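Trainee: Okay, handing you the structure first.
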Amino acid sequence: MERISLRRSSKAYEHGLTWIKPSFLWMMYRCGWAAKEGQETVLAVEISREGFDWALANAELSHYERDVHPDRATWQRTLRRAPARVQWDPERDLHLNRLPYRSLQLGLAGEASRRYADEWTVAIRDVTPLAREIHELVRAGRDDAAARLLPHERPYPAPAETPGTGMRGAPAPSAQ
């Protein structure tokens, strides 16, 4: 396989966010089964556990929570300085309907984005054909066959300080 690099110019690290979406079905919701314009390719990026844990430990919630933050201004200052942000979005089923629990979305900026590209990335796989195969099975009403092709996912034992897990005073996401 041709080596793929995530290295970007140092200016790119200073602007915008790189989002890690660990849930395959949430990613399918986001990219429309690899059919949305500009999102026709889906890559599975494997990163080191140390890198993922570092990003979680250095993240701030992407939204203000009255029970977590002393005030909105303090949260905004903390968010601007944080190299990562955590967002909890509803998980999705094979038909991309909302499920009653949430999945992590992890936004990386600055140092976290640089480290993701230069240090944490272990492997990159193009899973576009898999996404399209699963989608075709779902469209054909063959949910059982589609489910058997889904990547194996299991709950991640997040560090205690992960924003939004209830460990820092935030309301915990629904049980997975």
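The values are calculated or read from the model by the stated rules, or taken from the named source; none is laboratory data. All values reported here derive from a predicted model rather than from experimental measurement. To get the accessible areas, we keep the full protein, side chains included, count just its heavy atoms, and leave off ligands, DNA and RNA. Shrake-Rupley method; radii C 1.70, N 1.55, O 1.52, S 1.80 Å.
Trainee: Across region 65-81, in residue order, what do the Karplus-derived ³J(HN,Hα) couplings come to in whole Hz, using 6.51 cos²θ - 1.76 cosθ + 1.60 with θ = phi - 60° and x for Gly and Pro?
Mentor: 10, 4, 7, 10, 9, x, 6, 4, 5, 5, 4, 4, 5, 5, 4, 4, 7
Trainee: Rolling a 1.4 Å sphere over the protein heavy atoms, what is the accessible area per residue of the chain, to the nearest Å²? It would help to have the intermediate numbers written out before the result.
Mentor: Numbers: 10610 Å² over 176 residues.
I get 60 Å² per residue for the chain.
Trainee: If you take all C-alpha pairs in region 53-121, what percent of them are over 15 Å apart?
Mentor: Values: 1407 of 2346 pairs.
For region 53-121, the fraction of Cα-Cα distances above 15 Å is 60 percent.
Trainee: Quick one: which residues, 5 or more positions from residue 91 or on another chain, have an amide H under 5 Å from its amide H? H modelled 1.01 Å from N in the peptide plane, none for Pro or chain starts.
Mentor: Distant-sequence amide H within range of residue 91: 99, 101, 102, 103.
Trainee: Could you look at the chain and say what percent of its accessible area is carbon and sulfur, using a 1.4 Å probe and all protein chains?
Mentor: On the way: 5100 of 10610 Å².
In the chain, the share of accessible area belonging to carbon and sulfur is 48 percent.
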